[in-house]
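In what follows, a single structure is set out as C-alpha cells and then discussed.
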Amino acid sequence: MSTQVPLSISEDTIHTISEERDEPQWLLERRLEAFRLLDDLDLPDVIETPGRRWTNLEDLEFEALVDPLNQSDETERVSAEGAEVLSFADALDEHSGLLEKKFGSVVSADTNYLTALSTALFTTGTFIYVPEGVDAEDVKVKAEMNSRSLFSHTLVVTEDNASVTILERIENGDGDVDGDRYFSNLVEVDAGENSYVQYGSLQNLDDNVYDFTLKRGDAATYATVNWIEGNIGSRLTRSDIETELNGDSSESKIVGAFFGHEDQHFDVNARVWHNAEHTTADLVTRGVLDDEARSVYEGVQDVGRDAWDTSSYQRENTLMLSDDSEADASPKLIIKNHDTEASHSATVGQVDQEDLFYMTSRSISEQQARDMLVKGFFVPVLEEVEVDELREDIESLIAARLR
C-alpha cells in the first residue's frame, strides 16, 4: 500500500541536507532519485490473516513524525586494529570512490517506500572497511537519537579473507522531544570472498519511537554473514534481517530475540536467498510477550534453481505471558530444486501450567517461577549469540524487563 510524501519534504530539502554536509554530486543524485521514487513505492508487505492485517504501517503519520532538517544524534565509534570505522561524512572524504561503488549495492532505495525515504534523508551513519586479510574484532557503534526523527545508513565492506565482529547499540539520548518519534536504520554488508562478518545489534529505544530496520548482507564465495538482532524497546518495530547467499559455499545465521510488554508491537522478519551451490543458513528467533504486546514473524528460506546441495533451517518460538498478548508466525520454504535439505518450525503458546505448578509446589513463588521459565525460554537463542558482551547485555535487559 503506497503512502503520501510528507509535505515537509521537497527536492529543496534534499539539496539542503546534501549542501550542509558538503556531499559529492553522485550522492546528491542518489538522494534525489530516491525521493522521486516515493510517489510510486508501496510500504513494506505485512502479514495478513483472514480478517486481520497484523501491522498497520499505513497508520504512521509521517507528516508529524519526519523532521528532516533537524536531525540530531550522538554516535560513538570504536575501531579495531587494521579496520577503518568512520562516520559517513568522514568516509566520503577518505573513500569517496569506494562508497560511490558500494552504496546502495546491497539495499536498493527502491525496495519499498521506507527504504527510499531513508536513502533520501539520512544524515548519520557509519562506514566500516576491513582490508584483505585483516581480522578485526570488537568494532563498536553506539548511536543515541536526540531528535524527533533520525535516518541512519551503515555500510560494511570486507575484502577477501577478512573478518570483523561488529556490536551496534541503538537507544535514545538526552534530547528533549515530546510526542512520537521515528528512527530508520539501513545496514548494508558487502562480504568479499572467504570473509566473515558478524553483526550484532541491540535496540532499546523509548516507548514513543517507531522503529524501522532493514539489514541485508551479500555473501560472496565461501563468505559468512551472521546477524544477531535484539529488540527490547520502541512502540512499534519493523525489523527485516536478510542475507543473499550469492557465492558458492557461503553461509548465514540469523539469530533474533525480542521481549515486548505494555502495548509494544514487533513485526520481525528473517529472510535468506540461496542463489549458489553448497550454501547453508540457520534462522533462530525467540520472543516473549506480556501485557497487551503483539508480535508477528515471517521467516523465508528461498532456494533457487541452481542452488544445489543447500542446507537451510528455521526455528521460531513465541511465549505469551498474558491472555491479552497476541502473536502470529509464518515460516515459509520456497524450494526450486530437489537437492535441498531444509526444515522450518514455529510455535506460539502460553507458559506451561504444569511447569508452573511443579515449581510453585516446590516453594517457589509464582512470580519467581515465571521469571525462571522466561529466562530458560531464551537460553536456546542466547546460546547462539557468540558475542559475550552482547549476550550479557540482552540477558541484563531481559532481567530488567522481568523486574
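Some observations on this one:
- Within the range 146-164, residues that are farther than 27 Å from residue 179 by Cα sit with their Cβ atoms under 6 Å from residues that are open to solvent by 10 Å² or more (accessible area, probe 1.4 Å) and assigned to a strand (DSSP E or B), at 6+ positions apart or across chains, in these pairs: 157/129; 157/190; 163/135; 163/196.
- Selection within the range 263-304: residues that are among the β-branched types (Val, Ile, Thr) and closer than 20 Å to residue 56 by Cα. The member of this set that is least open to solvent (accessible area, probe 1.4 Å) is 296.
Listed here are the residues, each with its yes/no results for (1) open to solvent by 10 Å² or more (accessible area, probe 1.4 Å); (2) over 22 Å from residue 105 (Cβ atoms).
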| residue | (1), (2) |
| --- | --- |
| 216 | yes, no |
| 230 | no, yes |
| 233 | no, yes |
| 245 | no, no |
| 250 | no, no |
| 254 | no, no |
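- Pick from the range 358-403, criterion within 18 Å of residue 288 (Cβ to Cβ) and not in a helix (DSSP H, G or I), ranking: modelled with the lowest pLDDT: 403
- The single condition among (1) open to solvent by 30 Å² or more (accessible area, probe 1.4 Å); (2) among the hydrophobic types (A, V, I, L, M, F, W, C); (3) touching a helix residue (DSSP H, G or I) at 6+ places or on another chain (Cβ under 7 Å) that residue 64 does not meet is (3).
- Of the strands (runs of 3 or more DSSP E) lying entirely inside the range 213-273, those containing at least 2 residues that are within 17 Å of the chain's Cα centre (by Cα), at pLDDT 95 or above and within 15 Å of residue 293 (Cβ to Cβ) are 236-245, 251-260.
- From 341, 395, residue being surrounded by 15 or more Cβ atoms within 10 Å (Cβ to Cβ) and without any contact (Cβ under 8 Å) to a residue 40 or more places away in the chain: 395
- Residue pairs meeting the criteria (Cβ under 6 Å; at least 6 apart or on separate chains; first over 19 Å from residue 44 (Cβ atoms), in the range 243-271; second basic (Lys, Arg)): 257/286; 259/401
- Residue 72 vs. criteria within 20 Å of residue 17 (Cα to Cα), among the hydroxyl-bearing types (Ser, Thr, Tyr) and either modelled with pLDDT under 95 or surrounded by 14 or more Cβ atoms within 10 Å (Cβ to Cβ) (or both): yes
- The one condition in (1) open to solvent by 10 Å² or more (accessible area, probe 1.4 Å); (2) at pLDDT 95 or above that residue 137 fails to fulfil: (2)
- Condition check for residue 169 on (1) more than 12 Å from the chain's Cα centre (by Cα); (2) open to solvent by 30 Å² or more (accessible area, probe 1.4 Å): one failure, at (1).
- For the range 149-161, a residue qualifies if it is crowded, with 23+ Cβ neighbours inside 10 Å, over 16 Å from the mean Cα position of the chain (by Cα) and of a type outside the set (Gly, Ala, Ser), and the qualifying residues are 157, 158.
- Search result, residues across the range 305-324 that are more than 23 Å from the chain's Cα centre (by Cα) and buried (at least 19 other Cβ atoms within 10 Å of the Cβ): 307, 310, 321
- The number of residues in the range 290-323 being in contact with a strand residue (DSSP E or B) (Cβ under 6 Å, 6 or more places away or on another chain) and basic (Lys, Arg) comes to 2.
- Condition met for residue 111 (in contact (Cβ under 8 Å) with a residue 40 or more places away in the chain, surrounded by fewer than 14 Cβ atoms within 10 Å (Cβ to Cβ) and not basic (Lys, Arg)): no
- Among the residues of the range 172-207, the ones that are open to solvent by less than 30 Å² (accessible area, probe 1.4 Å) and either closer than 23 Å to residue 137 by Cα or modelled with pLDDT under 95 (or both) come to 19 in all.
- Test: residue in the range 39-59 that is within 30 Å of residue 140 (Cα to Cα), in contact (Cβ under 8 Å) with a residue 60 or more places away in the chain and more than 23 Å from the chain's Cα centre (by Cα): no
The values are calculated or read from the model by the stated rules, or taken from the named source; none is laboratory data. Everything quoted here is computed from the prediction, not taken from an experiment. Neighbour counts are summed over all protein chains in view; Cβ atoms, including those assigned to glycine, are modelled from backbone coordinates with ideal geometry. Protein only, heavy atoms only, side chains kept; ligands, DNA and RNA dropped before computing areas. Shrake-Rupley method; radii C 1.70, N 1.55, O 1.52, S 1.80 Å.
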